[in-house]
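For reference, the structure is listed below as structure tokens.
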Amino acid sequence: MTLPASLPEEKAGARRTMAKAFANRSFLVGFVVTALIAAMALISFLWTPYDVTRLIVADRNQPPSLAHWFGTDHFGRDIASMIMLGARNSIAVALVAVGIGMGVGVPLGCLAAARGGVLDEAVMRLNDLVFAFPALLSAVMITAIFGPGAVNAIIAIGIFNIPVFARVARAGALSIWPREFILAARAACKGKTLITLEHILPNIATLLFVQGTIQFALGILAEAGLSYVGLGAQPPMPSWGRMLFDAQTRMAVAPWMAIFPGLAIVVTVLALNLLGDGLADLLDPKSRRRR
């Protein structure tokens, strides 16, 4: 049995792509740091240095040491363990929220671009209406009805992500519809729905994926902000934003309570932004031609 002649070419193309990825510093740093944070969140399902539900008053406000890498808080809980669990919570909230935004916003944007006219105008005005209510304000309204919690934070951030992906999908689709291969597909009597599924979505997938990494970083920031004001994950579930709230009155006594959760947020958001920038450079045809 002989292998198709295209397989060696595909392997060579994959090697070239990998080489470009490793040569792109933004992508490499962002990918490595993001992978480490994701691995830390996964490990927290199986193991953490200490049980964060145990309150050990004798160990409260301990500075960083070999026993407690990042110190302890005012209840004697290990901050390193709380950061590991907080990473799991932040990633889960941001991931589901981005999924909601992409799952609803992309079909709306593609539908508006395909149909145009009154439907396009209605979708865009609805997006403007949603943009008028930031994630924090939406969370306040949802919390007033259903009470605080991680689920309501996910809903609020997800609703805010819908118009973002709708606008990106619409703009990308509008740039594809006038092209020759779309005209050929229409001449072959393909409907707008089929053209969108077969031609539009594959051609804007890269754009949506890059936007997804950006919204993921913003989702983590939004989750931390909502938890800081008490609208996100509720105790005893650790959250980076909640840890910052608990530390604000203890900066003089135990500054590490704010330093390490703050660094976790900064490093995670920075890594995701670097990853998004690197992906945009790698997947942009104009950028590839400049190289």
Checklist entry - Rounded to the nearest 10 Å², what accessible area does residue 189 show when all protein chains are kept and the probe is 1.4 Å? => result 120
Checklist outcome for this item: Taking only the alpha carbons of the chain, the radius of gyration and the largest Cα-Cα distance, Dmax, both in angstrom, are 22.9, 77
Item to check | Helix-only CD estimate at 222 nm, as mean residue ellipticity for the chain, using -39500 (n - 2.57) per DSSP H run (n ≥ 4) | outcome: -24500 deg cm²/dmol
Checklist entry - Per residue, how much space in cubic angstrom lies within the convex hull of the C-alpha atoms of segment 150-259? => result 113
Checklist entry - So, with a 1.4 angstrom probe, what is the percent of accessible area on segment 51-158 that is carbon and sulfur? => result 73
Item to check | Translational diffusion of segment 133-188, µm² s⁻¹ [Kirkwood Rh, Cα pairs; Stokes-Einstein; 20 °C; 1.002 mPa s] | outcome: 157
Item to check | In Å², nearest 10: area of residue 129 left accessible to a 1.4 Å probe | outcome: 100
Checklist outcome for this item: So, relative contact order of segment 112-232 in percent, Cα under 8 Å, 6 or more apart, is 35
Checklist entry - Gaussian network model of the chain, Cα springs within a sub-10 Å range: biggest mean-square fluctuation belongs to which of 133, 260, 146? => result 146
Checklist outcome for this item: accessible surface per residue for the chain, probe 1.4 Å, DNA/RNA/ligands not counted, whole Å² -> 53
Checklist outcome for this item: Under a Gaussian network model of the chain whose springs join Cα atoms within less than 10 Å, the largest fluctuation of 15, 167, 88 belongs to 15
Checklist entry - Based on the mean of other beta carbon atoms within 10 Å per residue, what is the order of 58-65, 33-40, 153-160, most packed first? => result 153-160, 33-40, 58-65
Checklist entry - Considering only 181, 168, 57, whose Cα is most displaced toward the positive end of the charge dipole of the chain, charges sitting on Cβ of Lys, Arg (+1) and Asp, Glu (-1)? => result 181
Checklist outcome for this item: For residue 50, other-chain or 5+-apart residues with amide H closer than 5 Å (H placed, Pro excluded) are 81
Checklist entry - Carbon and sulfur atoms: what percent of the 1.4 Å accessible area of segment 209-287 do they account for? => result 73
Checklist entry - Alpha carbon centre of segment 201-242 versus segment 86-156: separation in Å? => result 12
Checklist entry - Sorted by accessible area (1.4 Å probe), largest first, how do 257, 18 line up? => result 18, 257
Checklist entry - Hey, what angle do you get for helix 117-131 against the long axis of the chain, alpha-carbon based, 0 to 90 degrees rounded to 10? => result 10
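The values are calculated or read from the model by the stated rules, or taken from the named source; none is laboratory data. Here the structure is a predicted model, which is why all the values come from computation and not from measurement. Positions of Cβ are backbone-derived with ideal geometry, glycine not excepted, and every protein chain shown enters the neighbour counts. Remember, those area values only see protein heavy atoms, side chains included, never the ligands or the DNA or RNA. Shrake-Rupley method; radii C 1.70, N 1.55, O 1.52, S 1.80 Å.
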